[in-house]
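Working notes, structure below.
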Amino acid sequence: MKRFPILVLLLASALFAQESGTPVNAPSRKDRPLAQLPYTPSLDIPSMDRSVDPCTDFYQYTCGGWMAMNPIPPDQASWSVYGKLAEDNAEYLWGILAEAANAASERSPVQQKIGDYFAACMDETAIEKLGPTPLEASLDRIDALKSKGDLASLLAEEHSRTNGGGVLFRFGSDQDLGDATQVIASLSAGGLGLPDRDYYANSDDKSKDIRTKYLKHVERIFELIGEPNRRAAKDARTVLNIETALAKASLTRVQRRNPYNLFHRMAPADLQRLTPSFDWNRYLADNGLSGVSTLNVSEPAFFKTVETEIRTVPLQQWKTYLRWHAAHARAPYLSARLVAEDFDFYRKTLRGVAEMPPRWKRCVRYVDRDLGEALGQEFVRRTFTAETKQKTIEMTQRVEHAMENEIKTLDWMTDATKAHALEKLHAIANKVGYPEKWRDYTILEIKRDDFFGNVTRAAIFESNRQLHKIGKPVDRQEWEMTPPTVDAYYDPQMNDINFPAGVLQPPLYDPKMDDAPNYGNTGATIGHELTHAFDDEGRQFDAKGNLKDWWTPEDAKAFEERVNCVRDQYEQYTIVDDIKINSKLTSGEDVADLGGTLLAYIAWKDATENENLQPIDGFTPDQRFFIGMAQWACENQRPENLRASAITNPHSPGKYRINGIVSDLPQFRKAFGCADNKPMVRTKACRVW
Ligand SMILES: [Zn+2]
């Protein structure tokens, strides 16, 4: 996992972007392992609401039927076309895993690993019997701390056992921002139990209310691991105090969008001077990294505060803080009461989710996280045809060709910058479906009767895998997402675009459909990722993935002016109640949506220039392009989730990812014959690419 927040995803979060569930009021749909993926077309007429004028509210017009027919399932924070497909994939993976879990059948080594992991995870009786005892080893180590000097060894072990987990800070490896060919050790801010530093820093009533509920949650977790009630309340207060100090020293998400804010290479000796009270030599030695000569300390100011905290907070309070994080990181893998308490705060309170997803669904997600490329092999073999791979590669090339032509004809960019932009575009690697070489899990021991142990060993396996890369050349074949994932990303340091097999299926990519909705949907996704190479963040990296400015000052200014047009547009939109979009956080995504759609449109015109396209089902080809484009984004959101997203999500809500885009595009106006005074026609249209 990359520690820098600069992977640019299509959706909110990696892996199983949405937790999936069964829609309420939909009795036909039952939780069951699927033997086949269900089919929904990529242009779905019943999902539309044709009573609405497309020029007034295009999102309602294309997604109104979908929103009415797809209420949010009780175990979801939101529900969307992507989420529903992720749910279908999960049920299908469940089928694969149920079969692989059968120890009596003849299994390949890969099937045995994923099957036994799944079987152990599903054995709730065994897990229940253990209660909180699997935590004891960690709690004992914390209890045995003799001095603050021992924090280094303890954290090295905790970080490994939770794969970076985030106690106090995060440690791992990353591609060097200054030399994209090399992997470097990286230290970044962490240590929080709430999802973002803003939860601690904001002073509005809603934030205060969440902090009160968080204190209660920490208190209950302490009680569940055996602390008496009064002490638990006091300990929760201690945790919040330490975390608040760390939060206030952490950069905001908007500040972290500037990679230079995260780029501070230093020698271990410099780091030691920054945080003299923490024994870095010991921490590195315990991680097997005594020889490391350089680290990237992404937020030096944060580590200054770590120093102050270590010096001023008494050892007993540190033990309290560490106990909380030890339990917090592992609560989802322990007995039912701990799992429920964890869910209750993080999903119910913070996201508004009514019900916990069933056990099978959580277990599928854990297999995908811990053995993703083993499970992915099985998924790809069954679902991803060579023909789909070929066709989507071809589509990618056409979208790239469209971008090449756009860059050449841009009126605001000078020739010098254009040459660099084209060089970067040509260097982008297209990764489609799955990795060339599968990850080898042979040394990861999976036991059929030890779920907690499996999770811990998988964390150590992944942590070791990451740390082993330090000081070595970057492996450019590697993927940051597993093949079944319904999402896509651009990586500015790898300079590659990645489309897992999971995102290249109906209703997103639909081999049975005409090109128009496929280019509108998948083509625009490809264009979106491609555009990230040139957004406010991505444009700061060169063709090789180095953080290096290749823009002339006047071109950078012209670019910023165009991005500001999009920022001004999006900051007018309301997310929920009185919360507007923080368009400084979302503009990278908004610009990618706008540019990506235009590029897909041009690529589609190019791909079909010799075809005599006719209307289908009463829609012109251009209308089909835009309807297909909009229907990827159909969604329903809980208000709590929208509030959390307003702080943490760099993407705008689905409604604006569609209406914001089409109102800037003259091609849309023409396709639907919209008059100039309609809401979907902006008089001052924005355009970047
Ligand atoms: Zn994106």
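What follows draws every value from the coordinates through simple rules; no lab data is involved. Fair warning: this is a prediction, and the values are worked out from it, not measured in the lab. We place every Cβ from the backbone using ideal geometry, glycine too, and count neighbours over all the protein chains shown.
Summary value for the range 63-217: 9 percent relative contact order, contacts being C-alpha pairs under 8 angstrom separated by 6+ residues.
The fewest-to-most ranking of Leu547, Leu215, Leu598 by surrounding Cβ atoms within 10 Å reads Leu215, Leu547, Leu598. Counted residue by residue at 0.36 nm each, then reduced by the alpha carbon distance between them, the extension gain from Ala137 to Trp412 reaches 92.8 nm. Straight-distance candidates among the lysines for linking to Lys684, with alpha-carbon spacing under 21 Å and chain neighbours fewer than 8 residues away dropped: Lys557, Lys580, Lys584, Lys655, Lys670.
Coupling constants for the range 131-140 follow from the phi torsions by the Karplus curve (6.51 cos²θ - 1.76 cosθ + 1.60, θ = phi - 60°), and in residue order they are x, x, 4, x, 6, 4, 4, 5, 5, 5 Hz; glycine and proline get x.
Site pair Thr574 and Lys129 shows an inter-label distance of 5.6 nm when each label is modelled 7 Å from Cα along Cα→Cβ. Applying the criteria of a DSSP loop state and at most 12 other Cβ atoms within 10 Å to the GluC sites (Glu not before Pro) of the range 374-464 yields Glu436.
Considering only alpha-carbon pairs that sit under 8 angstrom and 6 or more positions apart, the relative contact order computed for the chain is 22 percent.
Under the simplified labelling scheme, the Arg381-Asn677 pair shows an inter-label distance of 6.4 nm, with each label point 7 Å from Cα along Cα→Cβ.
Taking the C-alpha atoms only, the angle from helix 639-648 to the longest principal axis of the chain is near 80 degrees.
Residue separation of Thr181 and Glu478 scaled by 0.36 nm, minus their Cα-Cα distance, works out to 105.6 nm of gained length. Fewest neighbouring Cβ atoms within 10 Å first, the residues His426, His159, His328 line up as His426, His328, His159.
Charges were assigned to the Cβ only: +1 to each Lys and Arg, -1 to each Asp and Glu. The resulting dipole of the chain about its Cα centre is roughly 1560 debye. Take 235-246, 181-192 and order them by the average number of nearby Cβ atoms within 10 Å per residue, most first; the result is 181-192, 235-246.
Taking a label point 7 Å from the Cα of Lys146 along the Cα→Cβ vector, which residues of the range 305-325 have an amide N closer than 18 Å to it? Taking a point 7 Å out along Cα→Cβ of Lys146, the residues of the range 305-325 whose backbone N falls under 18 Å are 315-316, 319. As a proxy for reagent exposure, ranking Phe171, Phe452 by other Cβ atoms within 10 Å from fewest up yields Phe452, Phe171.
Here the extension length gained between Arg50 and Glu554 equals 176.8 nm, from 0.36 nm per residue of separation less the Cα-Cα distance.
For Asn464 and Gln614, a Förster radius of 56 Å and the Cβ-Cβ distance give a FRET efficiency of 0.45, rounded to the nearest 0.05.
Of the trypsin sites (Lys or Arg not before Pro) in the range 466-571, the ones in a loop by DSSP (not H, G, I, E or B) with at most 11 other beta carbons within 10 Å are Lys512. Here is the list for the range 414-450: trypsin sites (Lys or Arg not before Pro) lying in DSSP coil, each with at most 15 other C-beta atoms within 10 angstrom of its C-beta, are Lys437, Lys447.
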